[in-house]
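All of the numbers you see were taken from the coordinates with simple rules; none came from a lab. Because the structure is a prediction, the values reported are computed rather than measured. Cβ placement follows ideal geometry from the backbone for every residue including glycine, while neighbour counts extend to all protein chains displayed.
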Amino acid sequence: MLKFFQFSGTISGTTYFLRILFTLLLSIPGLIVFVSLISSYMIGEGIIDVNNPESFDQSAIEKIEENPDEFLSELWSYVSTGWLFSILLAFLPAIWFSLATAYKRISALFFDNRNNIFGIYVAIEIFADAIGLGILSSLSFLKTPMSIITIAIFFFLALKNSEIDKDDHEG
């Protein structure tokens, strides 16, 4: 099991695709913690009544629809260090597995320059995520091009044939 999380060996395009799908499964605990955070906030604010789960505070829902930025800023002020640590800890296996998967596939395609290309890959992914999440809001005009670039990189890694024989991959 440990070999799946190590940054060594190479994998084929098919294995890369399957490992990316498995990363989605590894993300489920993080999603559960994130939904728990939002649920806890909504229960604490009285938007959801625990005694009567079928009754939502309709005016609060309409307030969220009218001004989602205010809701997100209130939610962010509710988030504590414990919540952030829990979310990071829950997503950590998925992040690590995803990075190890990309490194193994890049190693199969570009063995001599794998460290440099992996660094460029990580930088592009972080930049694209920062734009997509609105952290770099001044560069929001790059959202679509960065999405296209990351999808193109994924398909390249999944579909490009490596010089390593299919049965000789170790990882």
If amide H atoms are modeled at 1.01 Å from N in the peptide plane, then the residues at a separation of 5 or more from residue 136, or on another chain, having amide H under 5 Å from its own are 131
Most exposed to least, judged by fewest other Cβ atoms within 10 Å, 81, 23, 10 sort to 81, 23, 10
Rounding to the nearest 10 and keeping the result within 0 to 90°, find how far the Cα-based axis of helix 28-44 lies from the longest principal axis of the chain.
10 degrees
Based on other C-beta atoms within 10 Å, arrange 78, 41, 103 from fewest to most.
78, 41, 103
Starting from the alpha-carbon convex hull of the range 8-162, give the projected area averaged over all orientations, in nm².
11.6 nm²
Calculate one ³J(HN,Hα) per residue across the range 88-103 by plugging θ = phi - 60° into the Karplus curve 6.51 cos²θ - 1.76 cosθ + 1.60, and present them in order as whole Hz with x for glycine and proline.
4, 5, 6, 8, 4, x, 5, 5, 4, 5, 5, 5, 5, 5, 5, 4
Quick one: how many lysine pairs in the chain have C-alpha atoms under 23 angstrom apart, if they're 8 or more apart or on different chains?
4
Check residue 48: other-chain or 5+ apart residues with amide H under 5 Å from its amide H, H built from backbone geometry?
43
Calculated from backbone phi, Karplus (6.51, -1.76, 1.60) coupling profile of the range 14-26 in Hz, x at Gly/Pro
5, 5, 4, 4, 5, 5, 5, 5, 5, 4, 4, 5, 5
Pick from 116, 52, 161: which is most flexible by mean-square fluctuation in a GNM of the chain where alpha carbon atoms under 10 Å apart are linked?
52
Sequence of 86, 77 once ranked by neighbouring C-beta atoms within 10 Å, starting from the fewest
77, 86
